[in-house]
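Okay, structure first, notes after.
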Amino acid sequence: MAVSPHRGQIWFAALPTDPDKERPVLVVSADARNRNPNAGTVIVVPLTTNPAESPTRIRLTPGETGLAETCSMAAEDITVLAKSWLVPPRVSLRNLSEARLREVARGVLRAMGFPEGAVS
């Protein structure tokens, strides 16, 4: 089955770092890439229930995600996954807002060592 993820959607995937468990991931790649049949990958940010505080973590509530627990987007762990590794959610999840996606982008920049405002 071909998957059709959209930017801002939460999907599940067995990540290479933990292949025995499907974890929620946020799709952050541009929809032009996501819809391109020749692009077999998407860019994702994993979600974690690890409560570690970090400038690269963005906390999300169950009301924002539709997941059962509060979680954080781990911007420092942004990665590329094959679309075929994505598994549609088993329950109805929410799409994250453009404002939240911008927070992820800022978190990725912090993970790369850029200070606030260094990149426009």
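In segment 102-111 there is no residue that is out of contact with any Gly (no Cβ under 7 Å at 6 or more places or on another chain), of a type outside the set (A, V, I, L, M) and assigned to a loop (DSSP other than H, G, I, E, B). Annotation note: of Pro37, Pro51, the sole residue that is within 22 Å of Arg106 (Cβ to Cβ) and not charged (D, E, K, R) is Pro51. A search for C-beta distances below 7 Å between a residue of segment 2-16 that is in contact (Cβ under 8 Å) with a residue 24 or more places away in the chain and over 13 Å from Thr48 (Cα atoms) and any residue that is surrounded by 14 or more Cβ atoms within 10 Å (Cβ to Cβ) and among the polar types (S, T, N, Q), counting only pairs 6+ apart in sequence or on different chains, returns Pro5/Asn34; His6/Asn34; Arg7/Ser29; Arg7/Asn34; Gly8/Asn95; Gln9/Asn95. Taken over segment 66-96, the criterion of being within 18 Å of Asp20 (Cα to Cα) and assigned to a loop (DSSP other than H, G, I, E, B) is satisfied by Pro88, Pro89, Arg90.
Within segment 16-30, the set of residues being part of a loop (DSSP other than H, G, I, E, B) and surrounded by 17 or more Cβ atoms within 10 Å (Cβ to Cβ) comprises Val28, Ser29.
Each residue in segment 100-120 was checked for being closer than 16 Å to Val27 by Cβ and of a type in the set (Asp, Glu), and 1 of them qualify.
Every listed requirement among (1) in contact with a helix residue (DSSP H, G or I) (Cβ under 9 Å, 6 or more places away or on another chain); (2) surrounded by 13 or more Cβ atoms within 10 Å (Cβ to Cβ); (3) of a type in the set (Gly, Ala, Ser) is met by Gly66 save one, (1). Would you say Val119 is among the β-branched types (Val, Ile, Thr), within 12 Å of the chain's Cα centre (by Cα) and more than 19 Å from Arg23 (Cα to Cα)? Taking the combined requirement at face value, the residue does not satisfy it.
Any read-out appearing in this document is the output of simple, stated calculations on the displayed coordinates, not a laboratory observation. Small disclaimer: the values here were computed from a predicted structure and weren't measured. Reconstructed Cβ throughout: ideal geometry from the backbone, glycine too, with neighbour counts over all protein chains shown.
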